[in-house]
Amino acid sequence: MIPNLRFPAFGLFPVLFLSSPFLFAQEKSVNPGINDNFQNPEPKAFVERFEKEGREVYDNREAIVSRLGLTPGMAVADVGAGTGLFTRLIAGEVGPAGKVYAVDIAKTFVDHTVMSCQVRGMKQVEGIVCAPDDAKLPPASVDLVFICDTYHHFEFPHKTMSSIAKALKPGGRVALLDFERVEGKSSDWILGHVRAGKEVFSKEIEEAGFELVEELDLFEENYFLVFRKK
């Protein structure tokens, strides 16, 4: 005779927690202090760093934008907009009927980007100063989130990506560009600055409710992945 086994209800709690947002709420910074230099950056100095020949994503900026599947009227968030290089290019593609959110943790970057768009007549660009764990985008507001050489600066990647998932419309996409981090191949700067490689970042994004749908081969130093919200 098989005994009638009874399990206490609390035995289910770990399983429930592992499959819920509870763990995201308990997330600790994966890289404390990585954004200290971006508390009040001087945009002009970073324009000279970010928008110059020799930076791989700058040299390939037109090829990158052409592969985002942008059409007039789309809503896009440039998360980690920096000096606004890609914000302006994206705004040109979605046109006056579209919407572009320039999102950054640094208010000086956001102000600079919005102003640089306004002088070009790009009124469809709106700035958002985000939090370390929240992109601060309106719910179900965007078709695409573009993250270029910024994900490795996310202190709270699960919570940030969870906020991005909420901001995306059903079936919305995330375009992720970041540095390849491979021991014995990547530069010393990348190995010291970027906390993990493509596989780790992909897993984190998938855990936030996304699936990898495409990998584009454009670079030597960076990778280009496209995810879709499940």
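The values are calculated or read from the model by the stated rules, or taken from the named source; none is laboratory data. The structure presented is a predicted model; accordingly, all values stated were derived computationally and were not measured. Reconstructed Cβ throughout: ideal geometry from the backbone, glycine too, with neighbour counts over all protein chains shown.
Computed quantities for the displayed model
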item	result
Tabulated pairs, the stretch 88-114, first among the aromatic types (Phe, Trp, Tyr), second in a loop (DSSP other than H, G, I, E, B), C-beta under 8 angstrom, 6+ apart or interchain	TYR101/LEU137; TYR101/SER141; PHE109/PRO41; PHE109/ALA81; PHE109/GLY82; PHE109/THR83; PHE109/GLY84
Residue count for the stretch 32-77, restricted to those that are touching a residue at least 60 places away in the same chain (Cβ under 8 Å), part of a loop (DSSP other than H, G, I, E, B) and touching a Gly at 6+ places or on another chain (Cβ under 7 Å)	1
Counted residues, the stretch 65-94 - those being farther than 23 Å from GLY121 by Cβ and touching a Leu at 6+ places or on another chain (Cβ under 9 Å)	3
Leading residue by the ranking (nearest to LEU218 (Cα to Cα)) among those in the stretch 58-83 that are of a type in the set (Val, Ile, Thr) and surrounded by 13 or more Cβ atoms within 10 Å (Cβ to Cβ)	ILE64
Answer from VAL57, VAL30, VAL47 - the residue that is within 16 Å of ALA175 (Cα to Cα) and of a type in the set (A, V, I, L, M)	VAL57
Verdict on LEU137 being in contact (Cβ under 8 Å) with a residue 24 or more places away in the chain and in contact with a Cys (Cβ under 9 Å, 6 or more places away or on another chain)	yes
ILE205 closer than 21 Å to VAL103 by Cβ and either surrounded by 21 or more Cβ atoms within 10 Å (Cβ to Cβ) or among the hydrophobic types (A, V, I, L, M, F, W, C) (or both)	yes
Contacts under 8 angstrom Cβ, first residue in the stretch 167-190 being closer than 20 Å to ASP134 by Cα and of a type in the set (Lys, Arg), partner assigned to a loop (DSSP other than H, G, I, E, B) and modelled with pLDDT of 95 or more, 6 or more apart	LYS169/ALA140; LYS169/SER141; ARG173/GLY69
